[in-house]
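J.: Just dropping this structure here.
The values are calculated or read from the model by the stated rules, or taken from the named source; none is laboratory data. This is a predicted model, so every value here is computed, not measured. Please note: Cβ atoms are built from the backbone with ideal geometry, for glycine as well, and neighbour counts cover all protein chains shown. Surface accessibility is based on the protein's heavy atoms, side chains included, excluding ligands, DNA and RNA. Shrake-Rupley method; radii C 1.70, N 1.55, O 1.52, S 1.80 Å.
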Amino acid sequence: MVKPMAVETLRCRVCEAEYPAVASGACARCFGPLEPVYDWDDVARRATRERIAAGPRSIWRYEALLPSPPPADTSSGPGWTPLVRAPRLAEAVGVGEVYLKLDHTNPTHSFKDRVVAVAAAKAAELGTDTLACASTGNLGNAVAARAAASGMRSVVLYPDTVEPEKLRATAVYGGEMYAVRGSYDDCSRLVVELAGELDWAFVNVNLRAYYAEGSKTLAFEIAEQLGWRTPDAIVSPVASGSLFTKLWQGFGQFARLGLIEGESPRIYGGQAAGCSPVASAFADERPVSPVRPNTIAQSLAIGAPADGDLATATARASGGAIYAVPEEDVGPNMSLLAATTGVFGETAAGVTVGALRAAAAAGQIGESDTVVVLVTGTGLKTPNVVDVRQGVHIDADVDQLLDRLGVPA
């Protein structure tokens, strides 16, 4: 017996045109992003606090709010990552209470495992045997790992400037890799062309409508982990804009179902100044214009963000903002996060902490606010950005060491 599809219709988020729920990446009418249409009466029956709390400790506890049928082993999926207090970081930036959402603890050490899990489930439903993507690094890791675990072929295209640590973390899974002489946007154009020629599951192209839904699970988990409450603010990195907009949507869907208490949070975003088309558009109150990336924050280096205009609209609707963080501040912000919390986040985390500091300095986040800061990837993938101290060289002599420590012999 054929298993029914989790959703049957996709709808454009811009013009609201509707399409069948197949492998389709963008609206044929206006090129806007597509999203699944849910039967909210059915979702309300299935997505209760009790049923969610009894579910697996992964994104699949929110199965009723996802567009793909879950895999056989729902407990092994990504998600349900720690939400931890960061009082010393809160004190350092001058805000009331800070929590860190530690998504670098996912299987390939970034939040991309969430979106890939949903896309891979849809690929299996559609009977596709190849998982593929254009990537700035983390997505390629997640695609190669998920394909390896599922027995699928993987193909990853990435700019030839991607950090070697991220390349190794893709290569180890044995998939196919192609280094493109150009930017992420060049890779993306290649993948869009390939999607028209090949019957593959391109997770961030023809499966993007399903893939993007995985980001909502961050909002769901944060609300549940706070006791079914909303924080006052969320701070997130911004690349394509998809994660940023889906956070807002996730809290809205939980509110629609009556699962949470409190107002929807303000959503703040950060981009590194060397690739900040969304932050610039927000500041100038205009549509997003493409830029040529020149940033150390490679994971955010998307010069033509697909959901950029939706991200600026989300920031305004939520009462938040999007900031351009100076390039020279990214590494020090990573070090600040590490020194005050014991968490080593990648360059995206340095940008996110920069956005937190900017919002605090502007008085938009203050001493009465509870804030959740997303740590979307591990610093072990971008170690070259932080200042490395080699330590003091000494002989194997305890008296010498005591002298160095300032302790009388």
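J.: Criterion first (touching a Leu at 6+ places or on another chain (Cβ under 8 Å) and among the polar types (S, T, N, Q)) does T352 satisfy it?
T.: Judged against the criteria, T352 is a match.
Here's the yes/no breakdown for (1) under 20 Å from the mean Cα position of the chain (by Cα); (2) closer than 25 Å to P159 by Cα; (3) modelled with pLDDT of 95 or more; (4) acidic (D, E):
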position	(1), (2), (3), (4)
V291	no, yes, yes, no
E328	no, yes, yes, yes
T370	no, no, yes, no
V407	no, no, no, no
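J.: Against the definition (assigned to a helix (DSSP H, G or I) and farther than 30 Å from L83 by Cβ), how does L402 come out, yes or no?
T.: Criteria met by L402.
J.: A further question follows. S154 fails exactly one of the following numbered conditions: (1) within 28 Å of V180 (Cα to Cα); (2) of a type outside the set (V, I, T); (3) in a strand (DSSP E or B); (4) touching a residue at least 60 places away in the same chain (Cβ under 8 Å). What is the number of that condition?
T.: For S154, the failing item is (4).
J.: Residues that are more than 30 Å from G55 (Cα to Cα), free of Cβ contacts under 8 Å to residues at least 60 places away in the same chain and open to solvent by 40 Å² or more (accessible area, probe 1.4 Å): list the helices (runs of 4 or more DSSP H) wholly contained in the stretch 163-217 that include at least 1 such residues.
T.: In the stretch 163-217, the matching helices (runs of 4 or more DSSP H) lie at 164-171, 184-195.
J.: Just for the stretch 218-227: of the residues that are open to solvent by 10 Å² or more (accessible area, probe 1.4 Å) and out of contact with any strand residue (DSSP E or B) (no Cβ under 8 Å at 6 or more places or on another chain), which one is farthest from F244 (Cα to Cα)?
T.: Among those that are open to solvent by 10 Å² or more (accessible area, probe 1.4 Å) and out of contact with any strand residue (DSSP E or B) (no Cβ under 8 Å at 6 or more places or on another chain), it is G227.
J.: Moving to a separate point now. List the number of the failed condition for R266; all other conditions in (1) on the phi < 0 side of the Ramachandran plot; (2) open to solvent by 10 Å² or more (accessible area, probe 1.4 Å); (3) more than 18 Å from the chain's Cα centre (by Cα) hold.
T.: It is condition (3) that R266 fails.
J.: Only residues that are at pLDDT below 95 and either touching a Gly at 6+ places or on another chain (Cβ under 8 Å) or crowded, with 22+ Cβ neighbours inside 10 Å (or both): list them for the stretch 137-157, please.
T.: Result: G137, single match.
J.: Please tell me if G252 is within 27 Å of I302 (Cα to Cα), open to solvent by 10 Å² or more (accessible area, probe 1.4 Å) and without any contact (Cβ under 8 Å) to a residue 40 or more places away in the chain.
T.: Taking the combined requirement at face value, the residue satisfies it.
J.: For the stretch 103-132, how many residues are of a type in the set (S, T, N, Q) and open to solvent by 30 Å² or more (accessible area, probe 1.4 Å)?
T.: Final tally of qualifying residues: 1.
J.: May I pose another question? Looking at R286, is it assigned to a loop (DSSP other than H, G, I, E, B), of a type in the set (K, R) and either modelled with pLDDT of 95 or more or within 23 Å of K381 (Cα to Cα) (or both)?
T.: Yes.
J.: While we're on this one: So in the stretch 26-70, with the set limited to residues that are among the small types (G, A, S) and buried (at least 21 other Cβ atoms within 10 Å of the Cβ), which one is nearest to A306 (Cα to Cα)?
T.: Among those that are among the small types (G, A, S) and buried (at least 21 other Cβ atoms within 10 Å of the Cβ), it is S68.
J.: If I filter the stretch 270-280 down to residues being open to solvent by less than 30 Å² (accessible area, probe 1.4 Å), in contact (Cβ under 8 Å) with a residue 40 or more places away in the chain and not polar (S, T, N, Q), which single residue comes out as nearest to V325 (Cα to Cα)?
T.: Ranking the candidates gives A272 first.
J.: Which one of these does R49 not meet: (1) over 22 Å from the mean Cα position of the chain (by Cα); (2) without any contact (Cβ under 8 Å) to a residue 24 or more places away in the chain?
T.: The number of the failed condition is (2).
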